[in-house]
Amino acid sequence: MPLAWVDEVAGLEPAVNFSQGRGFTSKLWPYDGVEELFLAYLPLQGWLHIIFQSILDFSVYGVRLPYALFLVTGGLFWFSYMKSRGSITLVTLFILILILNEKSLFETTRAVRVEPISFLLLAAAFYGIVKSNKHIVSIALSLMLFLHPNMWPSALILFIWIGRENSLSFGKPLHWLKPNIYWIYPTVFLCFFLLFIEGNISLLFSQLIAQFERHEASLGLFTKISDHFVTRFWPYYLTQPFVPLLVYFTFFRSTHRISRQTGSVTDYMLVFTHICWMLAIGPMHRYNSVLVILSLATLIPWLATIHQDTLKWKHYLLAGIIFTTSMVDVSARQILARVQYEERNPTSFIEWLDTNMPKGKSIVTGHEIAYYQAAQNNNLDFFLYNTEPYRFNFEDYENLLLIHNSPLDNTEVMGYYSLDQSAQPNWVKNNSSLTYNNLYLLRINNTTEYRTILNKLRKKNTEKSNKERYN
C-alpha cells in the first residue's frame, strides 16, 4: 500500500462531496468556480467514485479496490482480444503480464489515477474491434471522451472506424460523418454530461484550460520532440528499458504502414496519439501506459503468427530477460511494502489520528491521509497546504493542525505516531521510502504563525517538485 497522496484525495473529494449532498464541488482545487461545480477533471473518474462509494465502505482500501478491479477486467478483455486474434496462450499471457507490470500502469493502479480505467476502455475497444461488435467499440470510445483528454485521439480514430464498412480508409473523408446507430452512445452520454454540469459550458472550459496549462508541452518543436520521445521515458531506462524501445519501434512501424496505406485502426490510433501528445501534453511519465498498450495492440497480428513449435531456446531466453526485467521494479516495491505493512497501514494511522484529535472545530493539513478522517468528521476540515488559494477561513477554527515528520518551532505536539522497527532488517530501516511511521500531529496557536509555517512548507514542496519535473 502506497501512502495516500494528492491526486488520490483531490480526485476523490468532489465525488465524496456529491455523495454527502454538497454537489459535485471542491475546496481543494485552486481553479475559479470549483466551489460551484468541479470541472477541472473530466467526470468519468468522479462518476465511478460515486458509484463505488455507494457500494463499498469509505476507506483507503474501499477507494482503491475498484482500480484493482478495473485492471483485472481490462486484463480479461485483453486476454480475450489476443486469443480471438489467434495468439497462443503462452504469448498471450506473456504480453498480458508485461502490461500489468508496466511501470506507470502498476503505480497508478495503486495510486487511484485514470490509467487503469484507460486500460480497461482500450482493451474493451480492441475486443469489440476483433469481434466486429461496433456497439462495444462505441460504448468504449464514448466513455473515453469523459475520462481524460489524452484518450481523445484514440476515441476520434475509433469513431471514424465505426463509420467505415471495412478498413480505415480516408478515401471518402466525410463518409464517417454519416449518422448511424453507433452515434446513440456518445450522444446519450453527452446529454447526460450536459445535464450533470447544468449546461455550464463556460465554467467547463475555464477550468479545463487552467488544468491543461499545468501539463502543456514545452515551446519549440525540437524541444517537444525531445520531451516526448526522450524525457518522457527517463524513469524507464534503468528499470524497464524495453518499454521505450517498444514505443519507438512501433511508432516508426505504424508510420511506415500508414504511408503504404496498409495501416490498421490500431496503427492510426497509435500515430495520432503520438502526434497529439507531442504537440500538446508535457512528458508526464505516468501517462505512458496508454502508449504501451497502443504499441502492443499494433503488434497483435504479428504475435498471432507465432506458434509453439516455432519457438526456440533463444526466444525463451529473450522473453525471460524481458519478463525478469519487467518484474524487478514491481517485485522490489511489493517486497518492501509487505515488510513495511504495519507502517503503511492507513487504518491504524487514521484510528490513531482520531484518538489524538483535539476537541473543538479543527482544520488539518500536511498529509493527504488526514482527508479520510476529515471526510467523516463534521468537526474537522482538510486542505492541501501546497495548493492556493486556501478556501477556509482559519480564524473560524479552534485548532489549527499540521501533520509533519518532525516537531516545528512554535507548535504544540498533540501526538506522535511511532511503531517498533526493531525486528526489521537494516536494509528496510535505512530505506528512504515514506510510511506513516514517525509522524507528528502538531497544533499551532495563531493564524499568523500557521500561515508562516504553511508558506515555508509550500516553498519547500515547490523546490522539490521542480527537481522532479519531467519537462
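The values are calculated or read from the model by the stated rules, or taken from the named source; none is laboratory data. As the structure is a computational prediction, the values presented were derived from the model and not from experiment. Cβ: placed from backbone, ideal geometry, glycine included. Neighbour counts: every protein chain shown.
Check whether at least one residue in the stretch 72-90 is more than 30 Å from Thr310 (Cβ to Cβ) and touching a Leu at 6+ places or on another chain (Cβ under 7 Å), and report yes or no.
yes
Checking Ser331 against (1) of a type in the set (Gly, Ala, Ser); (2) at pLDDT below 85; (3) under 21 Å from Ser154 (Cβ atoms), which single condition isn't satisfied?
Ser331 satisfies every listed condition except (3).
Pairs please, first residue from the stretch 206-224 and closer than 19 Å to Leu37 by Cβ, second anywhere and acidic (Asp, Glu) and at pLDDT 80 or above, Cβ atoms under 9 Å, 6+ apart in sequence or on different chains.
From the stretch 206-224, the pairs are Ser206/Asp32; Gln207/Asp32; Ala210/Asp32.
Per-residue answers, yes or no, for (1) surrounded by 14 or more Cβ atoms within 10 Å (Cβ to Cβ); (2) under 23 Å from Asn150 (Cβ atoms); (3) modelled with pLDDT of 85 or more:
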residue	(1), (2), (3)
His274	yes, yes, yes
Leu294	yes, yes, yes
Ile300	yes, yes, yes
Thr305	no, no, yes
Leu318	no, no, no
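Here is a list: Tyr436, Tyr397. Which entry is surrounded by 12 or more Cβ atoms within 10 Å (Cβ to Cβ), in the same structural domain as Asp354 (by TED's automatic domain parsing) and at pLDDT 95 or above?
Tyr397
Pull out all pairs, ordered by first then second residue, where Cβ-Cβ is under 8 Å, the residues are six or more apart or on different chains, the first lies in the stretch 295-318 and is on the phi < 0 side of the Ramachandran plot and in the same structural domain as Leu98 (by TED's automatic domain parsing), and the second is small (Gly, Ala, Ser) and part of a helix (DSSP H, G or I).
Thr298/Ser254
Within the stretch 129-153, how many residues turn out to be more than 22 Å from Pro66 (Cβ to Cβ) and among the small types (Gly, Ala, Ser)?
Looking only at that region, the number is 2.
How many of the residues making up the stretch 77-87 are of a type outside the set (D, E, K, R) and surrounded by fewer than 18 Cβ atoms within 10 Å (Cβ to Cβ)?
The number of residues fulfilling the criteria is 3.
Anything in the stretch 73-104 that is over 20 Å from the mean Cα position of the chain (by Cα) and of a type in the set (Ser, Thr, Tyr)? List them, or say none.
Ser80, Tyr81, Ser84, Ser87, Thr89, Thr92, listed by residue number.
Report, by residue number, each residue of the stretch 195-236 that is part of a helix (DSSP H, G or I), surrounded by 12 or more Cβ atoms within 10 Å (Cβ to Cβ), under 21 Å from the mean Cα position of the chain (by Cα) and not aliphatic (A, V, I, L, M).
Gln207, Gln211, Phe212, Asp227, His228, Phe229, Thr231, Arg232, Phe233, Tyr236
State the number of residues belonging to the stretch 39-66 that are outside any loop (DSSP other than H, G, I, E, B), in contact (Cβ under 8 Å) with a residue 12 or more places away in the chain and of a type in the set (Gly, Ala, Ser).
Residues in the stretch 39-66 being outside any loop (DSSP other than H, G, I, E, B), in contact (Cβ under 8 Å) with a residue 12 or more places away in the chain and of a type in the set (Gly, Ala, Ser): 1 in total.
Go through Glu449, Glu388 for me and flag whichever is within 26 Å of the chain's Cα centre (by Cα) and more than 27 Å from Asn345 (Cβ to Cβ).
Sole residue among the options that is within 26 Å of the chain's Cα centre (by Cα) and more than 27 Å from Asn345 (Cβ to Cβ): Glu388.
Condition check ((1) over 20 Å from the mean Cα position of the chain (by Cα); (2) among the aliphatic types (A, V, I, L, M)) across all residues:
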site: Pro2; (1), (2): no, no
site: Gln20; (1), (2): yes, no
site: Gly23; (1), (2): yes, no
site: Trp29; (1), (2): no, no
site: Glu36; (1), (2): yes, no
site: Leu42; (1), (2): no, yes
site: Gly46; (1), (2): no, no
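Could you list, in sequence order, all residues of the stretch 128-140 that are of a type outside the set (D, E, K, R) and either surrounded by fewer than 22 Cβ atoms within 10 Å (Cβ to Cβ) or at pLDDT below 95 (or both)?
Scanning the stretch 128-140 gives Gly128, Ile129, Val130, Ser132, Asn133, His135, Ile136, Val137, Ser138, Ile139.
In the stretch 144-193, how many are modelled with pLDDT under 85 and either in a loop (DSSP other than H, G, I, E, B) or within 25 Å of the chain's Cα centre (by Cα) (or both)?
Qualifying residue count, the stretch 144-193: 15.
Please state which of the following conditions Val112 fails to meet, knowing it meets all the rest: (1) in a helix (DSSP H, G or I); (2) under 13 Å from the mean Cα position of the chain (by Cα).
(1)
Return a yes/no flag: does the stretch 260-269 have any residue that is in the same structural domain as Val328 (by TED's automatic domain parsing), under 24 Å from Thr108 (Cβ atoms) and in contact with a helix residue (DSSP H, G or I) (Cβ under 8 Å, 6 or more places away or on another chain).
yes
Failed condition for Ile369, given (1) of a type in the set (A, V, I, L, M, F, W, C); (2) in contact (Cβ under 8 Å) with a residue 12 or more places away in the chain; (3) more than 26 Å from Arg451 (Cβ to Cβ), with all others met?
Going through (1) of a type in the set (A, V, I, L, M, F, W, C); (2) in contact (Cβ under 8 Å) with a residue 12 or more places away in the chain; (3) more than 26 Å from Arg451 (Cβ to Cβ) one by one, Ile369 breaks only (3).
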